[in-house]
1. Which one, Asn369, Ala393, Ala382, projects farthest toward the positive side of the charge dipole computed for the range 350-438 from Cβ point charges (K/R +1, D/E -1)?
2. Cα gyration tensor of the range 279-382, axes a ≥ b ≥ c as square roots of the eigenvalues: rounded (a/c below 1.5), prolate (a/b > b/c) or oblate?
3. With label points built 7 Å along Cα→Cβ from the Cα atoms of Lys36 and Arg167, find their separation and express it in nm.
4. If packing is taken as the mean number of other Cβ atoms within 10 Å per residue, what is the order of 187-199, 402-414, highest first?
5. Need one word for the range 126-211: rounded, prolate or oblate. Basis is the Cα gyration tensor (sqrt eigenvalues a ≥ b ≥ c); a/c below 1.5 gives rounded, then a/b vs b/c decides.
6. Ignoring ligands, DNA and RNA, please state the percent of accessible area on the range 294-434 from carbon and sulfur, probe 1.4 Å.
7. By accessible area of protein heavy atoms, probe 1.4 Å, what ranking do Glu256, Glu351 get, highest first?
8. Pairs of Cα atoms under 8 Å, at least six residues apart: use those to get the relative contact order of the range 348-393, whole percent.
Amino acid sequence: MNDKETSLDGAYQLLNDAILHYQGHPVGTIASADFKVAAENYGDCFIRDFVPSALVFLLDGQTDIVRNFLELTLNLRDQQEQLEGHQSLPKVMPASFKVFFDQYGKEQIRPDFGDKAIGRVAPVDAMMWWVILLYAYVKATGDIALAHQPKYKKGIQQILTIFLRDRFEVFPTLLVPDGCFMIDRRMGVYGHPLEIQSLFYGCLKASLFLLNNAEIENQDILQQSQKRLEQLTDYVRRYYWLDLARLNEIHRYETERFGDDNHNELNIYPESIPPWLSDWLPDEAGYLVGNIGPGRMDFRFFAFGNLLAIVFGLAEPEQAAQIMKVYDQRWPDLIGRMPVKISYPAIHGKEWHLLTGGDPKNRPWSYHNAGNWPTLLWAFNAAAKLSGREDLAEKATNIASHRLHQDNWPEYYDGKEGRLIGRRSNFRQVWSATGYILARKLLQNDQLLNLLKF
Ligand code: GLC
């Protein structure tokens, strides 16, 4: 067998070893099947980690496990305990759940709504991924009747209600705390991080499709979702977009201007442009910046947010093409020796200290602070294909084929170009393997793209 066949074989073996059962049925996959795992909860099934597993299962016709997962996680929402000082809970989805046997030998399930995880982070992305996965399931099976069951309809509407609730906000984007998505530690990603906005877009699109003709009482929620979707799309395409023309504009921005007739509405100070940016940004290319708020533009390049914006269609086709151009021209920085860099560049020194709280796991060029994450390869390939850059998808997949399996499926890699296995990385990380399987499938056909197309 060649590198590619051995890798694919190894990836499938790992996926099979990772399947989690509850009451005799397969219901998910654990995060890492490494038995010397670092954190206790890597034996849990994480909602976001299960997504690439689920997509593999859907493409391979093993749809039952996905359906079991959707059902189980929907039911788990009701197990959330009342927090002291809160009247009623919004019923979020858990970040993860564990299946275990108690002292009486009884099988139990323990969800983590962010009340157990390190740093007690609320998983805002879990609900969004759940709806998007339900959409992919319906596309794969044609089983729209599942989404129209009262329990599911109610679940989707409750999720929309949480996201569309009035807040102290004037923007159509979603305001969230630090670390509430794939980057689940303090990394200065509070506010309006791009990844959450891309997922929000996907979640609204998926919900509108699933609730269409579903006979729901609350028609208002559909109108509101549609309106928000339009505003969100315009806003992200306009304000998050950064290319050379826009950088020039920001570089010469007038600040402290009051009123309607003002191009610098968010009062971004030109002084906040980081020194690395003007030489780094290629000509005739651009990307969506990491975060935007009053007086704040986080110029870092966050891979998953950009890639999902392409996959779900939040980025315009021309923007998508330009994002892929950044990848092409900054390949060593954004792909390097292992696809795909999670964020670029790393934050250092005082900035690292202040934004992460001095987190040693997130030291420069490691883990969430510009480490390289193999799981992102599927989103990279999907985005590359959608923008007509199959050549980049092939090139990135070849890099992974040579190393990932041999290295025993690390969770992440360290270093500017991702040459080293992450210092505290798990091995046998399941979404590294499923990301690879999906990446390979994407090179063969468009089935996965069809499941996620809105
Ligand atoms: C890390 C990642 C998170 C993932 C979890 C399980 O905490 O940051 O995104 O869900 O590991 O793999």
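The values are calculated or read from the model by the stated rules, or taken from the named source; none is laboratory data. The structure displayed is predicted, hence computed values, not measured ones. Positions of Cβ are backbone-derived with ideal geometry, glycine not excepted, and every protein chain shown enters the neighbour counts. Keep in mind that these areas ignore ligands, DNA and RNA; they rest on the heavy atoms of the full protein, side chains included. Shrake-Rupley method; radii C 1.70, N 1.55, O 1.52, S 1.80 Å.
1. Asn369
2. Judged from the Cα gyration tensor, the range 279-382 comes out prolate (a/c at least 1.5, a/b above b/c).
3. 4.2
4. Result, highest mean Cβ count within 10 Å first: 187-199, 402-414.
5. prolate
6. Answer for the range 294-434 is 51 percent, counting heavy atoms of protein chains only.
7. Largest accessible area first, the list is Glu256, Glu351.
8. This gives 19 percent for the range 348-393.
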